[in-house]
Each structure stands twice: as C-alpha cells, then as structure tokens.
Amino acid sequence: MRRTFANAFDLFSNCVFWLPTFYLTAWSIFPEVFMGFSYTTVITLNSFASLFGSLIGLPTILWIAQSWRLGTGLCSGRKGFDRAYPIVVSLGAAFNSLVTFPSLFVVEKNYAASLAITFLVALGGAADACLSQQMMLMVLPTTARSSAFALSRLTVAVIGIPAAQLVAVVSDVLRGSSTLPLDRFRAYQLGLLCSSSFLVVSALCFAALVYFFPLDCKRAQEEDERSALIDKPKPRSESMIESIIRSRATTVNS
C-alpha cells in the first residue's frame, strides 16, 4: 500500500500530454534557441533523448541495485543489503525531481542543454521503472498479489488520470484573459511546474519505504510459510484406470 501511494503522487508522468504543446509554444516564441530545427525535429530529438536515457538507465540501475542487494557484481565480496532497492528508487526519484524543475526553464535559453536534461529525466525515472514492480512483488504474499496489483493500478489511475486536466485548469487561471503567446507559454510553464512539485512528494514516499521495506518483505515471507503449512499439498489420488487395473489384478491373483 505504501508503494501505491508513492506511485500515485508521481503525477508528472501523466502531464506529458502538455509537453508537445509546451515545446510548440516555446518554439514559436524563441525560434533562435532551437538552432533552426523544425518543430517535428525538436519533438523527435526529445523522444530520442528520452529513449537513450531509458535504454542506458534501465539495465545500469538494475545491475547496480541487484549487485548491492545480493552482494554480487559491483559489490562482490560484500554482504547483501536488504534496503538497496528502495534506496536506489528513492535516489532516482529525488534526482528526477531535481532535473525536472530546470528542464521547464532551460528550454527557452538553450536547446542543447534542454536535450541533455531530457536525457537525465529519463535516466532518473528508470529506477522506478525497473524496480518498482519487483519491490511490490517482494512485499506481497503470493495469495494477495493479484488483488494488490489491481488496487495499485486503480489508485494510480484515479489520482493520475485527472493530472493533465489539472494542468490545464492551473494554466488557464494563471493566464487569465491574456491572449499573448508569451503569457500562454508562462502559464504552461507554471502549470507544469506545479504538477512536477508532486515529484518531491513521491521521492519522500519512496524514502519512507527504505525503513518499511525489509519489514514488509519479512512479513510476506512469513505469510507464505504459514500458507504452505496450512495448505500442504495432498498426495494425488490414483486414476480410474489404475484403480481398474489394480482390481483386475486382485481378481486374477485370487
């Protein structure tokens, strides 16, 4: 449940709906910043920057986290650390929140720097992407995983789906009755900034998991052990064919 609330606060991922419009407005007002690139090229380069950040971050962060937790690979020869996963995820969330804030302001100053920050945002988000589901499986008894995942999806959807609409409402309020392109850009900028502030809350929730994670894992293991003892598999009954053959053999022998 703690893992669900940590993800539910990560609303900025649902606000990417407005990023193409945000970049279009910036590209229209500050064309010199984008080095003569067309809007289509700008969006394509942003997508590639995010893709490369994810491709590099996912295997690298997963390898570091597993090495730290199991005492292998990078941490070979050292004792495993139970809190490795939540620490890595909380650090990734904190890093993601730190680089997201400047990404909303650098776009009007230097496009090359904006691309670099886009890469870093995807790199920081890779920690949650590659470890969050694994962490949830580890803290849940096998008998409760389906319902827990369903509840997690429902909570994230209920809280996260209206995020794009909230950004629109905040932007409209901040812009007021102005029709100037620069005012529209500032409204989008501040609206996305307000939504990205939830990344800080998400990072704090993940940080709280550092304390609770080993305890929850232990409880899940104990619950699985109890279930295994109570629901101990019974020996399989012989089939109908085996029963008939055995009865015939008894008749013949007699």
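Only the coordinates and a few stated rules stand behind these numbers; no lab work does. Quick caveat: nothing in here was measured; it's all calculated off a predicted structure. Cβ sites come from the backbone with ideal geometry, for glycine too, and all protein chains shown count toward neighbours.
Got a sec to turn the phi values of the range 132-149 into Karplus ³J(HN,Hα) couplings, 6.51 cos²θ - 1.76 cosθ + 1.60 with θ = phi - 60°, whole Hz, x for Gly and Pro?
5, 5, 5, 4, 5, 5, 6, 9, 10, x, 4, 6, 10, 5, 4, 5, 5, 5
How would you rank 185-191, 212-218, highest first, on the average number of other Cβ atoms within 10 Å across their residues?
185-191, 212-218
How would you rank 170-177, 199-206, highest first, on the average number of other Cβ atoms within 10 Å across their residues?
Packing proxy ranking, top to bottom: 199-206, 170-177.
Based on the Kirkwood radius over alpha-carbon pairs, what value in µm²/s does the Stokes-Einstein equation return for the translational diffusion coefficient of the range 57-175 at 4 °C and 1.567 mPa s?
For the chosen part, D equals 77 µm²/s.
How would you rank 119-127, 105-113, highest first, on the average number of other Cβ atoms within 10 Å across their residues?
For the peptides 119-127, 105-113, the packing ranking is 119-127, 105-113.
Most exposed first by the Cβ proxy, i.e. fewest other Cβ within 10 Å, how do 225, 32 rank?
Ranked by crowding around the Cβ, least crowded first: 32, 225.
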